[in-house]
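One structure below.
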2 protein chains.
Amino acid sequence: MFRAASSTAAAAARDPSFARWNEDDKRFFEELLSPGAVLTALDDTAPFTTDWLNKYKAQSAHQMVLRPKTTAQVSAILRHCHARRLPVVPQGGNTGLVGGSVPVHDEIVLSLGAMNQVVSFDEVSGILVAEAGCVLEALDNHVARHGYMMPLDLGAKGTCQLGGNVASNAGGLRLLRYGSLHGTVLGVEAVLADGTVVDCLSTMRKDNTGYDLKQLFIGSEGTLGVVTKVSILTPPRAASVNVALLGCEDFAAVQRAFVAAKRDLGEVLSAVEFMDREALDMVLRQQPQSRDPLEAPCPYYVLLETAGSNAAHDMDKLEAYLERAMDDGLVVDGTVAQDAQQARKLFLLREDITLALSARGFVYKYDISLPIAHYYEIVEQTRARLAPLGADVVAFGHLGDCNLHLNVSTPAYDARVFQALEPFVFEWTANVRGSISAEHGIGLHKPAFLHLSKSASAIELMRRMKQLLDPRGILNPYKVLPAP
Amino acid sequence: MFRAASSTAAAAARDPSFARWNEDDKRFFEELLSPGAVLTALDDTAPFTTDWLNKYKAQSAHQMVLRPKTTAQVSAILRHCHARRLPVVPQGGNTGLVGGSVPVHDEIVLSLGAMNQVVSFDEVSGILVAEAGCVLEALDNHVARHGYMMPLDLGAKGTCQLGGNVASNAGGLRLLRYGSLHGTVLGVEAVLADGTVVDCLSTMRKDNTGYDLKQLFIGSEGTLGVVTKVSILTPPRAASVNVALLGCEDFAAVQRAFVAAKRDLGEVLSAVEFMDREALDMVLRQQPQSRDPLEAPCPYYVLLETAGSNAAHDMDKLEAYLERAMDDGLVVDGTVAQDAQQARKLFLLREDITLALSARGFVYKYDISLPIAHYYEIVEQTRARLAPLGADVVAFGHLGDCNLHLNVSTPAYDARVFQALEPFVFEWTANVRGSISAEHGIGLHKPAFLHLSKSASAIELMRRMKQLLDPRGILNPYKVLPAP
């Protein structure tokens with residue numbers, strides 16, 4: 001049973017028209033790939049067939065993982081699977097939160113992790129070309145040596161891979177400043193379901209030559225093609241990074257502090273993160289060595305980051321902003337990190353919420369976008385709704401992008417809590433015209449709710465796109481689109 | 001004859017399978033639309049059936065222009081045209097440079113100019129929703145009242161329309177700082193060829209709910225659907241804008257000055273424009289009231305703009321940069337505008353190149369992206385190639401995006417010059433892996449050269465997309481895709 005996905009359980013019945021891989025298929029792949037690149041022993045496949053939260057797990061003991069090293073191998077694998085009608089799950093770092101990267105039944109896992117080479121980096125333009133399996137943090141370190149940084153940063157950076165980032169249109173902490181991957185990705189090489197390699201690996205920032213096909217693959221969660229290489233624009237690495245933590249008395253003050261930060265910090269503002277007291281408490285409870293970051297506890301916290309080219313100017317702006325925010329009563333208390341270590345510490349309070357939550361027990365995770373006026377309202381309503389069930393409701397997220405991570409924690413899975421949350425959270429979000437999936441995607445968790453954020457004509461067009469690009473439906477089946 | 005498009009003349013023969021509009025069609029449209037919204041007299045249709053450079057002109061005297069006011073009207077028009085197999089050209093401000101927005105034969109012009117209302121603007125998030133026919137400059141003025149600015153700025157801003165900007169993925173001066181429309185456009189409402197309205201008008205910055213369909217319409221030049229509404233993220237308007245003009249002795253110094261500007265000006269850098277002496281001379285000849293901006297003439301000029309939230313910090317950074325650039329010998333002379341009027345004057349030298357060129361005679365325009373190392377090489381080679389023919393070769397462009405506008409001027413059209421330029425310019429560009437169309441698009445001018453910038457598998461996929469979305473081929477025929 002998919003514990004957190006009962007609503008999609010019906011959609012997740014095995015499609016009987018798919019073939020199952022057999023010994024002939026295995027031999028074909030073994031001849032095609034390097035030694036050790038075909039895994040079928042359950043001990044070997046286990047890390048690839050469940051997600052890191054142990055929430056989604058393949059429902060079959062008939063598992064195979066393929067680890068190609070080249071685009072040609074990916075193409076040959078898919079050509080074979082297409083002909084045989086063998087279903088395939090493309091997988092990067094397997095750090096997703098909606099079950100998008102693990103098999104539902106006996107789909108073959110196509111792991112891109114062995115394609116992990118940097119193809120090129122241009123020091124003048126800052127354009128990086130890399131294989132899909134490169135780990136985000138490794139790429140960030142690579143371009144750092146030339147004075148650049150990756151335009152995205154996630155909690156999962158040490159494990160997640162560039163191809164998976166692109167396939168899931170990962171958001172994260174730097175989106176506020178550098179925009180989404182739809183803008184920063186300049187080119188994609190992808191393999192279609194039938195093995196056709198589509199080379200749109202432009203390294204030009206401007207390239208209006210026909211339809212921008214790479215966009216199809218960004219955010220399609222591996223259902224339209226397998227991303228094998230990516231070209232991406234990296235911004236100059238900031239010479240100076242400052243972090244401030246502010247405490248606010250009410251959510252109206254949080255909003256005003258945000259608008260004031262856009263005005264006063266302008267071009268150096270690089271992150272505007274939010275957490276409520278409940279989220280901070282979750283981290284402090286799990287990390288006995290951490291202590292309350294401000295003198296007195298506050299109900300709401302805003303974490304601001306600036307990144308700029310001149311340390312004196314940046315600190316000047318940040319201090320002027322803080323002074324004004326205190327004078328105007330937006331902020332009751334605040335602290336500015338005095339060095340990189342303090343800055344890291346403050347940021348870890350925010351980044352460690354996810355780990356603290358999963359260490360504590362079961363987590364019901366919701367990743368939504370909301371008009372700012374409704375951003376915290378849903379948290380209060382959810383808390384009131386769950387009070388009788390003894391669940392902890394914590395809220396944090398990328399306030400600057402109106403992106404809220406609403407998380408509910410119980411010591412163990414509780415069906416009553418789940419039923420109180422779904423479809424309540426999705427319908428509430430749809431009612432205020434928010435998005436039921438801000439950055440995590442749809443995966444296996446939310447196809448049944450897609451209609452709450454997308455019109456019928458849009459979903460119909462998505463189906464036609466899927467039919468066009470993957471007519472036999474072998475790529476990441478049961479995911480993203482609702483069952484017909 | 002298409003003077004500048006002889007290579008596409010073959011592709012531009014009328015498709016005999018299309019119907020021609022008749023009196024019944026006209027009556028249908030007159031009943032559907034407001035009085036005066038159906039134009040057929042040649043005096044009335046003339047402004048819509050040729051481009052502003054008078055380079056592309058409809059080849060038939062059988063012309064009709066429709067001016068709908070609502071999405072429902074656009075939908076009804078297309079449903080009718082689809083059923084009747086009447087070809088249609090969607091048209092915004094008609095400021096394009098590749099013949100994309102005028103009829104080739106007797107296609108019906110679907111002008112969006114009467115759909116020019118702002119739908120909403122959110123002062124906290126800076127998100128604007130507007131109809132396709134809104135003029136870019138009017139929108140910039142609208143959001144300016146709330147402290148924001150449009151993320152794009154073009155020479156044509158007083159005439160071009162938002163829907164056309166999106167359909168052509170317009171680039172322009174601010175792309176360096178704010179990125180392309182693929183990142184800043186948050187939502188699109190579009191009408192498909194058969195009249196289906198696709199509502200992807202999200203106003204959320206993060207919305208990973210299924211395939212990002214709006215991307216299909218961005219840059220597809222009206223061949224996949226008609227954009228009717230757009231939701232776009234506008235950045236805060238800078239409190240301080242500074243402009244500097246630098247003169248360089250050689251192109252190596254230009255490159256080094258650019259890299260140094262990225263390093264020293266970092267987050268406040270908002271435009272890095274380039275022009276050569278020949279381009280500046282073209283403007284000075286046409287504007288007798290203008291004078292040489294620097295003491296001594298230089299072969300290469302770089303125009304830098306900074307935009308920031310703190311005037312003192314910005315000027316501090318700019319002056320430190322200039323001093324360093326002079327000391328390091330990157331720049332032989334330079335000037336910093338001391339007020340907004342001076343800044344405007346400096347910028348106009350760059351913006352007026354296009355007007356000066358067209359005032360002088362016939363212009364062969366090429367808009368290409370190149371690896372920076374090759375950016376000026378093509379100018380020198382083109383100049384050498386055309387020397388015997390007495391054509392003037394001028395070069396300017398968005399250096400910060402590696403986007404070059406290579407323009408050739410003759411008093412009147414000269415077939416020998418044209419033949420010396422095409423396919424030479426496109427093939428040279430393709431050889432260094434540049435893009436044959438950086439921001440102007442393909443339109444009617446370049447379908448025959450698309451294969452130089454896109455792989456065969458990519459063009460095949462584009463064809464399949466076109467077939468899927470517009471199976472009868474009525475939307476902007478003869479454009480973008482090469483003849484089969």
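Values in this text are rule-based calculations from the coordinates and carry no lab data. Please read all numbers here as calculations on a predicted model, not as lab measurements. Positions of Cβ are backbone-derived with ideal geometry, glycine not excepted, and every protein chain shown enters the neighbour counts.
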For this session: Return the average number of partner chain Cβ atoms within 10 angstrom of each residue Cβ along peptide B:433-444.
Result: 4
For this session: Measure nothing but the geometry: give the 0 to 90° angle between the long axis through the Cα atoms of B:277-286 and the longest principal axis through the Cα atoms of chain B, rounded to 10°.
Result: 70 degrees
For this session: Give me the Debye-computed log₁₀ of I(q)/I(0) at q = 0.25, 0.28 Å⁻¹ for the stretch B:419-484, equal point scatterers on Cα only, no solvent, two decimals.
Result: -1.16, -1.32
Problem set entry | Of the trypsin sites (Lys or Arg not before Pro) in the stretch B:286-333, those whose Cβ has at most 15 other Cβ within 10 Å and which sit in DSSP loop | B:R291
For this session: For B:D15 paired with A:S17, estimate the spin-label separation in nm (one decimal), with each label point 7 Å from Cα along the Cα-to-Cβ line.
Result: 3.0 nm
Exercise. For the stretch A:338-436, what is the relative contact order in percent, using Cα pairs closer than 8 Å and at least 6 residues apart in sequence?
Worked result: 36 percent
Problem set entry | Percent RCO, i.e. relative contact order, over the stretch B:213-313, from Cα pairs under 8 Å lying at least 6 residues apart | 43 percent
Exercise. Can you list the aspartates and glutamates whose alpha carbon is less than 17 Å from that of A:K69, not counting same-chain residues fewer than 8 positions off?
Worked result: A:E30, A:E31, A:E131, A:E189
Exercise. Can you give me the Cα centroid spacing of the stretch A:399-433 and the stretch B:187-261 in angstrom?
Worked result: 32 Å
Problem set entry | Full-stretch length increase - A:A239, A:A412 - with 0.36 nm per residue and alpha-carbon distance subtracted | 57.8 nm
Problem set entry | Net charge contributed by nearby residues that have their C-beta within less than 13 Å of B:G36 (K/R +1, D/E -1) | 0
Seminar exercise, completed: So, with points 7 Å from each Cα along the Cβ direction, the B:R291-A:D24 label distance in nm works out to 8.7 nm
Exercise. What net charge is computed for the residues neighbouring B:P411, neighbours being all others with C-beta under 11 Å from the C-beta of B:P411, Lys and Arg scored +1, Asp and Glu -1?
Worked result: -1
Problem set entry | Length added when fully stretched, B:V432-B:R145, from 0.36 nm per residue minus Cα-Cα | 98.8 nm
Exercise. Once the piece of chain linking A:T70 and A:Q467 is laid out straight, how much longer is it, given 0.36 nm per residue of separation minus the C-alpha distance between them?
Worked result: 140.3 nm
For this session: Scan around B:V119 for amide H atoms under 5 Å from its own, H built in the peptide plane at 1.01 Å from N, and keep only partners 5 or more places away or cross-chain.
Result: B:V129, B:A130, B:E131
For this session: Run the dipole for the stretch B:149-235 about the Cα centre, Lys and Arg Cβ at +1, Asp and Glu Cβ at -1, nothing else charged, and hand back the magnitude in debye, nearest 20.
Result: 380 debye
For this session: Translational diffusion coefficient, Stokes-Einstein: compute it for chain B using the Kirkwood radius over C-alpha pairs as Rh, at 37 °C and 0.692 mPa s, and state it as an integer in µm² s⁻¹.
Result: 140 µm²/s
Exercise. Over all distinct Cα pairs, what is the inverse of the mean 1/r for the stretch A:314-445, reported as the Kirkwood hydrodynamic radius in Å?
Worked result: 16.8 Å
Problem set entry | Most positive-pole-ward Cα, A:F449, A:F418, A:V272, against dipole of chain A from beta carbon charges | A:F449
For this session: Report, in debye and to the nearest 20, how large the dipole of chain B comes out about its Cα centre when Lys and Arg carry +1 and Asp and Glu carry -1 on their Cβ.
Result: 1300 debye
Problem set entry | Largest-first principal axis extents of the Cα set of the stretch A:233-356 (Å) | 37, 33, 26
For this session: Let me know the longest stretch in chain A that avoids all GluC sites (Glu not before Pro) found in a DSSP loop with at most 15 other C-beta atoms within 10 Å.
Result: A:296-484
Exercise. Using 7 Å Cα-to-Cβ label points, what is the A:K57/B:A260 separation (nm, one decimal)?
Worked result: 6.3 nm
Exercise. Whole-Hz Karplus ³J(HN,Hα) for the stretch A:119-133, in order, using 6.51 cos²θ - 1.76 cosθ + 1.60 and θ = phi - 60°, x for Gly and Pro?
Worked result: 7, 6, 9, 9, 6, 7, 8, x, 9, 9, 10, 9, 6, 4, x
Seminar exercise, completed: Summed over the other residues with a beta carbon less than 15 angstrom from that of B:E131, with K and R at +1 and D and E at -1, the charge totals +1
Exercise. How big is the protein assembly as shown by the Kirkwood estimate over distinct Cα pairs, in Å?
Worked result: 29.2 Å
Exercise. Using the alpha-carbon atoms, what tilt in degrees (0 to 90, nearest 10) does helix B:71-84 show relative to the longest principal axis of chain B?
Worked result: 60 degrees
Seminar exercise, completed: Here the FRET efficiency for A:K345 versus A:D250, based on Cβ atoms and R0 = 25 Å and rounded to 0.05, is 0.40
Seminar exercise, completed: Quick calc, the stretch A:223-352, dipole around Cα centre from Cβ unit charges on Lys, Arg (+) and Asp, Glu (-), nearest 20 debye, gives 620 debye
Exercise. What angle do you read, to the nearest 10 degrees and between 0 and 90, between the alpha-carbon axis of helix B:377-386 and the longest principal axis of chain B?
Worked result: 70 degrees
Exercise. Which value in deg cm²/dmol, rounded to the nearest 500, describes the helix-derived mean residue ellipticity at 222 nm for the protein assembly as shown, given -39,500 (n - 2.57) per DSSP H run of n ≥ 4 and division by the residue count?
Worked result: -9500 deg cm²/dmol
Exercise. Counting pairs of alpha carbon atoms under 8 Å apart in space and at least six apart in sequence, what relative contact order in percent does chain A give?
Worked result: 16 percent
Exercise. Taking R0 as 51 Å, what's the FRET efficiency between B:A384 and A:V118 from their Cβ-Cβ distance, rounded to 0.05?
Worked result: 0.85
For this session: Grab the beta carbon distance between B:R85 and A:E460, set R0 = 22 Å, and tell me the FRET efficiency rounded to 0.05.
Result: 0.45
